[in-house]
1. Counting only residues that are touching a residue at least 60 places away in the same chain (Cβ under 8 Å) and more than 17 Å from D6 (Cβ to Cβ), how many does segment 52-72 have?
2. For the structure I just gave you, tell me whether L78 is at pLDDT below 90, within 19 Å of S8 (Cα to Cα) and crowded, with 19+ Cβ neighbours inside 10 Å.
3. Tell me which of these L78 doesn't satisfy, since it passes every other one: (1) part of a helix (DSSP H, G or I); (2) touching a residue at least 24 places away in the same chain (Cβ under 8 Å).
4. Six or more apart or on different chains, Cβ atoms under 9 Å: show the pairs whose first residue is in segment 12-32 and closer than 22 Å to S61 by Cβ and whose second is surrounded by 15 or more Cβ atoms within 10 Å (Cβ to Cβ) and of a type in the set (S, T, Y).
5. Is there a residue being part of a helix (DSSP H, G or I), at pLDDT 85 or above and of a type in the set (S, T, Y) anywhere in segment 16-24?
Amino acid sequence: MINPDDLSDDELLALLSPGQLAALDRTIGEMLADEGLDKALSLEVLAQVYTVRAAERDPASALAMLQLAAAMRRRAALLAAERRAARLT
């Protein structure tokens with residue numbers, strides 16, 4: 001079994017099928033929808049919590065938690081980029 005801690009975010013996300021990644025992205029979006037929060041910052045914080053907690057899990061659960069954290073960081077980066085672009089226009 002691959003040690004999930006040794007994989008980058010891109011490698012973790014590459015283990016998911018496109019459908020799984022899309023479903024994960026939708027779920028993350030629903031978690032913070034219409035909350036009035038700084039979504040990018042909230043996602044970064046949640047991703048850090050999931051990353052820390054993954055160390056306490058068995059390898060399969062850790063892999064799932066790290067994939068979720070990677071997807072959160074990916075979405076946070078996209079949201080931050082969208083916000084920066086909107087300020088420039």
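1. 0
2. Numbers: at pLDDT below 90: yes; within 19 Å of S8 (Cα to Cα): yes; crowded, with 19+ Cβ neighbours inside 10 Å: no.
In short, no.
3. If we test L78 against (1) part of a helix (DSSP H, G or I); (2) touching a residue at least 24 places away in the same chain (Cβ under 8 Å), just (2) comes out false.
4. M31/S42
5. no
Quick grid of which residues meet (1) modelled with pLDDT under 85; (2) in a helix (DSSP H, G or I); (3) of a type outside the set (K, R); (4) within 12 Å of the chain's Cα centre (by Cα):
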position: R26; (1), (2), (3), (4): no, yes, no, yes
position: D34; (1), (2), (3), (4): yes, no, yes, no
position: L37; (1), (2), (3), (4): yes, no, yes, no
position: A47; (1), (2), (3), (4): no, yes, yes, yes
position: R53; (1), (2), (3), (4): no, yes, no, no
position: M65; (1), (2), (3), (4): no, yes, yes, yes
position: A85; (1), (2), (3), (4): no, yes, yes, no
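The values are calculated or read from the model by the stated rules, or taken from the named source; none is laboratory data. Note that this is a predicted model, so its numbers are computed, not measured. So basically every Cβ, Gly included, is an ideal-geometry build from the backbone, and we count neighbours across all protein chains shown.
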